[in-house]
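The structure under discussion appears below in the form of structure tokens.
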Amino acid sequence: MVTALDDDVWWYDLTGVNATLVDDDGALTLVDTGLPWHGNGLVAGLSEAGYELRDLDRILLTHFDFDHVGGLTAFDGIDVPIYVGKRDAPLVTGERSPPLGNHKGAFQRLVSPFVDAPDNDVIPLADGDTVGSFTAYHTPGHTPGHVCYVSESLSLGLLGDLVREDSGRFEPSPWLLSYDTDAVARSVRDFAERAPQFEIAVPGHGVPFEKKNGSERLDRLAATV
């Protein structure tokens, strides 16, 4: 279920969507949680990586989407905080519904009955906030509150759905799956300019780049959008 990308980084291939487990200097961190039926697989992956459920310290979400927050309920009753971009946080908690006036928001509203709000504390993140070694970069477009996370010490970039891997290269989030593709393009360029260099790059969909100049691949995309 999990594949080691480095000594402290494991990739969950959840059949079409990715999650990542990171030992961040002793703070065990899960990034994204897949679909509602992926919860058991996420817990089993902890064991495969040599941990137990009680070892989990926090969950980072790149954004609110059915296929990234669906597995959160597997951690109900476990005292782990959930971090997410501040504009998506009210959607995660159920305090606000996705907007019907946007095609992506309308789809999110359609599937929202299948997504339960978590029992855990949800902590909103602003651009530049840090959680352990990770810095959050606000990268709107796919969703208004989308964030990417970069750990400079681990040389790791967690890119969510800002981009997806296809045939060995990054592509920006497409119109059908995004709130605003112009904003996606701006976010790709801005993130590529501001983020430090990282070797390992894990997109929300597709195959991660394992110690293969992840930020340089992002730079190539930024030059074309």
Would you kindly state the longest site-free stretch of the chain, with sites defined as GluC sites (Glu not before Pro) in a DSSP loop (not H, G, I, E, B) surrounded by at most 16 other Cβ atoms within 10 Å?
153-209
Charge dipole of the chain built from unit charges on the beta carbon (Lys, Arg +1; Asp, Glu -1), centred at mean Cα; most positive-end Cα among 108, 51, 35 is 108
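When ligands, DNA and RNA are left out and all protein chains stay put, how many square angstrom of accessible area per residue does the chain have with a 1.4 Å probe?
43 Å²
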Approximate spin-label separation residue 44-residue 212, in nm, with each point projected 7 Å along Cα-to-Cβ
2.7 nm
Dipole in debye (nearest 20) - the chain, about Cα centre, beta carbon charges: Lys, Arg +1; Asp, Glu -1:
860 debye
As an exercise, use a Förster radius of 41 Å and the Cβ-Cβ distance of residue 100 and residue 7 to find the FRET efficiency, rounded to the nearest 0.05.
0.35
Taking the Cα centre of region 1-104 as origin, sum charge times position over the Cβ atoms of Lys and Arg (+1) and Asp and Glu (-1), and report the length of that vector in debye to the nearest 20.
680 debye
Given R₀ = 35 Å, what would the calculated FRET efficiency be for residue 25 paired with residue 224, taking r from the Cβ atoms and rounding to 0.05?
0.45
Of the heavy-atom accessible surface of the chain (probe 1.4 angstrom), what whole percent is carbon and sulfur?
48 percent
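The values are calculated or read from the model by the stated rules, or taken from the named source; none is laboratory data. Because the structure is a prediction, the values reported are computed rather than measured. Positions of Cβ are backbone-derived with ideal geometry, glycine not excepted, and every protein chain shown enters the neighbour counts. Calculation scope for accessible area: heavy atoms of the full protein, side chains included, ligands and nucleic acids excluded. Shrake-Rupley method; radii C 1.70, N 1.55, O 1.52, S 1.80 Å.
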